[in-house]
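Since the structure comes first, as structure tokens, the remarks are kept for the end.
The values are calculated or read from the model by the stated rules, or taken from the named source; none is laboratory data. Values in this document were obtained by computation on a predicted structure and should not be read as measured data. Neighbour counts are summed over all protein chains in view; Cβ atoms, including those assigned to glycine, are modelled from backbone coordinates with ideal geometry.
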Amino acid sequence: MAKFRLVAILLPALVILTSCSGSIPGSQTQQQTAQENQAVVSSEPLNYDIYAEVLKRYVDEDGFVDYQGLQLDSEQLRAFNQALGEVSSEQFESWSEPDQIAFLINAYNSFTLQSIIDQTPIKASIRDIPGVWRIRRFNVAGQSKTLDDIEHGTLRKDYLEPRIHAALNCTAISCPRLRTEPYTGDRLDTQLDEQVRQWLDSPHGLQIDRDANVVSLSAIFDWFGEDWISAYNTETGFSGNQKQRSALNFISNYVSPDDREYLQQGNYDVNYLEYDWALNIQE
């Protein structure tokens, strides 16, 4: 009888404990552990292997693209773009800033490639695609965004990183070249510096004519010149207005010592290069 009374006393207590916790003792800890493990998994950056294969196969070392070949074999590119949309906003927010920037650059460039190959026949310029920047929408990190949303509404707005302009590729001849590998958070700083140097070494990024005493900059420094002011504004040296001096101060970190000295001393005219919007297509 004593044992029966003990069971009768303990059983209601166990029922109360179970109903309050929603599970039997010990299961809450297991559930929390599972949730923590899931959080660890979801905080991992997106795997870019499929996108890397696309870039390696269809982009050459000069950044020109085999659009016809990519159009005929677009499955991997489309699968990667779908994966960009499957990343949740919570997962994106859990990443480091370099991982977020790398993800957004890759998204912009990959969606731009898809915009080109979705045209039949392929257009001679991205500007021939109606609404390509402001109307056409893509799913990315839990949101629906246009290309302009990614570039101007997110990257330029939320991150103080003007080097993104050397990485975003608009598929035009005058654009900084498309890289043959994805951007990754752990290598982002090195990759962006490489992109800036290659861009400025090209005739589409920077031209210094000492005979004419003229320095010509990519029109990107005109369109988005304010992005360099906060970090590179200077009241001494260089030529031009505030936007131009800030850009030249930034540029001086990526050129030869002789060119740096020439830029810093000022006393030259500054202008912007004509932008070639022709498609960066492999011939």
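Among the listed residues A247, A278, A212, identify the single one that is under 22 Å from I164 (Cβ atoms) and either modelled with pLDDT of 95 or more or of a type in the set (F, W, Y) (or both).
Details: A278 fails: under 22 Å from I164 (Cβ atoms); A212 fails: under 22 Å from I164 (Cβ atoms).
After ruling out the rest, the residue left standing is A247.
So which residues in the stretch 218-244 are hydrophobic (A, V, I, L, M, F, W, C) and over 18 Å from I208 (Cα atoms)?
Matches in the stretch 218-244: W223, F224, W228, I229, A231.
Which of the residues spanning the stretch 34-59 are modelled with pLDDT of 80 or more, part of a helix (DSSP H, G or I) and over 17 Å from the mean Cα position of the chain (by Cα)?
Scanning the stretch 34-59 gives E53, K56, R57, Y58.
Got a sec? Which of R156, R127 is assigned to a helix (DSSP H, G or I), of a type in the set (K, R), surrounded by fewer than 22 Cβ atoms within 10 Å (Cβ to Cβ) and more than 14 Å from the chain's Cα centre (by Cα)?
Residue meeting the stated conditions: R127.
Determine, yes or no, whether T184 is polar (S, T, N, Q) and touching a residue at least 60 places away in the same chain (Cβ under 8 Å).
yes
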